[in-house]
Amino acid sequence: MKHLPIPAGAPAGATPQGAAPRRQPLAAMRVIDLTQVMAGPYCSMLLADMGADVVKVEPPVTGDQTRGAMGFKLKGNDSLGFLNLNRNKRSIVLNLKTDAGREVLLRLVKDADVLIENFRPGVMKRLGLDYETLAGLNPGLVYASISGFGQTGPLSQRPGYDLMAQAMSGIMSVTGHPGGPPVKAGVPVGDIGCALFTSYAILSAYIGKQAGGSGQYIDASLMDTAMAFSVWDISEYWGTGKIPTPVGTANRMSAPYQAVQASDGYFVMGATNNKLWKLLCEVMDRAELLGDERFKDISARLANREVLIEELEKTFVTRTRQEWTDTLVAAGIPASPMQSYPEAFQSDHAVHREMRIDIDHPVEGKIPNIGFAVKLSGTPGQVRMPPPLLGEHTQAILAEIGIDGAELSTLTEAGAFSS
């Protein structure tokens, strides 16, 4: 099959010239999103970006907790964090503590493909909205529960956030510098990772039900996610019995591979195999290091990493970060400057990759959003809708499931849409 060319200078992920617009891959999927804060909303946004109709069910008055987060305001009531986690969704307000609110949710679930929730384990069962109950109503439902520590086990009832997952999973035990105080990963790896794993599980179950006709239950947790990231660290422990400890910016598998000091600050570089090590010594004009028994192979360089870096920095401090980065990259050795977030997002490469996009919003005007992290050639991610105002689509969604007129008045009086 002949592939159509992508126009020169077109954004990454653009549709080839002459190709008819393709329907987004998840356009037939309807998702009921009962989640708040980060892991759940990020997961449902990933599905929405690929075309899923995500109905965000929010409690009255406050809505998703993240609407009021971050400690600073724009023009409206919603935080920029919320606005970066909830594009392409529709919002409906429901009070699930009332019989009327739960009745509406059951109507929504009847024809849904996916439900995602992140209540404390046991809450959905007490509300009569657990998987067993809803699967009886909709056998094809893919039902995903996100929690701190999973739905079963000794810690399942404990509230959990990303910080707790990082602490208990072992991540914080290897983050930071040797002998320093505890340090968490700078980004919420438990939250974001759980969103990614959950979306992968949802898509797997969704594809599976196309053949078998039945949905299934997904139990996702921040703790399990964080532990799944420990590949190198736990492999070292299982293989040697040595408990991993912090190594700063260094790597457990190879050296030199870390931040190093130049004349005007730090940059990162990696000579991760013997070929690159030889090339590095040549570029630095340090041929004597090749004959040093302490650095003869990867095992030796790892065992003597601290003195190795001291030796390399004697040369690195003679030139600037940018000079070394340019020199090493030109020679084929991976290297990079360390950038702040503004520097990263404003860089020519990030601009080309469209890692910042601006979305029209009815209250805020233009709002910045993080761009799509992966680029699909035929069905790239799209911004179809801005992040929703609280309850913005309540009336339209209710009408879609046949609720209006007298029934709407009855449900309103019964507290379905108010606190």
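The values are calculated or read from the model by the stated rules, or taken from the named source; none is laboratory data. These figures come from a predicted structure and were not determined experimentally. All Cβ positions, glycine included, derive from the backbone under ideal geometry; neighbour counts span all protein chains shown. For accessibility, only protein heavy atoms count, side chains too; no ligands or nucleic acids. Shrake-Rupley method; radii C 1.70, N 1.55, O 1.52, S 1.80 Å.
Exceeding 30 Å between C-alpha atoms, which entries from my cross-link table qualify? They are LYS75/LYS184; LYS184/LYS242; LYS89/LYS125; LYS89/LYS110.
The pairs that break the limit, which is 30 Å between Cα atoms, are LYS75/LYS184.
With every protein chain left in place and a probe of 1.4 Å, what is the accessible surface of SER419, to the nearest 10 Å²?
120
Highest GNM mean-square fluctuation, the chain, Cα pairs closer than 10 Å: which of ILE333, ILE146, ILE202?
Looking only at ILE333, ILE146, ILE202, the biggest GNM fluctuation is shown by ILE333.
How do ILE367, ILE234 rank by accessible surface area computed with a 1.4 Å probe, from largest to smallest?
ILE234, ILE367
Sequence-distant or interchain residues sharing an amide H contact under 5 Å with VAL54, placed H: which?
VAL31, ARG90
Scan the stretch 366-419 for trypsin sites (Lys or Arg not before Pro) in coil per DSSP, keeping those whose Cβ has at most 14 other Cβ atoms within 10 Å, and list them by number.
Working: sites: LYS366, LYS375, ARG384; in loops: LYS375, ARG384.
Passing both the DSSP loop test and the Cβ count: LYS375, ARG384.
Specify the angular offset, from 0 to 90 degrees and rounded to the nearest 10, of the alpha carbon long axis of helix 189-212 from the longest principal axis of the alpha carbons in the chain.
Tilt relative to the chain: about 60 degrees.
If contacts are Cα pairs under 8 angstrom and at least 6 residues apart, what is the relative contact order of the stretch 257-338 in percent?
Computed over the stretch 257-338, the figure is 45 percent.
Could you state the accessible area per residue of the chain in Å², with a 1.4 Å probe and every protein chain left in place?
Roughly 51 Å² per residue, with all protein chains present.
For the chain, find the longest principal axis of its Cα atoms and tell me its angle to the long axis of helix 321-331, 0 to 90°, nearest 10.
80
Using a 1.4 Å probe on the protein heavy atoms only, what accessible surface does LYS184 show? Give it in Å² to the nearest 10.
Only protein atoms counted, so the area is about 100 Å².
Below 8 Å, C-alpha to C-alpha, sequence gap of six or more: please give me the relative contact order for the chain in percent.
21
Relative to the first principal axis of the alpha-carbon coordinates of the chain, what is the inclination of helix 39-49, with its axis defined by its Cα atoms, in degrees from 0 to 90 and to the nearest 10?
The angle comes out at about 80 degrees.
Rank these residues by their accessible area, most exposed first, probe 1.4 Å: VAL231, VAL61, VAL183.
Ranked from most to least accessible, the order is VAL61, VAL231, VAL183.
Take the solvent-accessible surface of the protein heavy atoms, probe 1.4 Å, and return the percent of it on the stretch 257-338 that carbon and sulfur atoms account for. Write down the numbers at each step before the final one.
Numbers: 2170 of 4320 Å².
C and S fraction of accessible area: 50 percent.
Once each part is reduced to its C-alpha centroid, what is the distance from the stretch 29-107 to the stretch 278-320 in angstrom?
Going from one Cα centre to the other spans 52 Å.
Please list, in chain and number order, the residues 5+ apart from MET338 or on another chain whose amide H is under 5 Å from its amide H, with Hs placed from the backbone.
Under 5 Å from the amide H of MET338 lie the amide H atoms of VAL268, each far enough along the sequence or on another chain.
Counting only protein heavy atoms, what percent of the accessible surface of the stretch 116-182 is carbon or sulfur at a 1.4 Å probe?
Looking at the stretch 116-182 in its full context, I get 62 percent from C and S.
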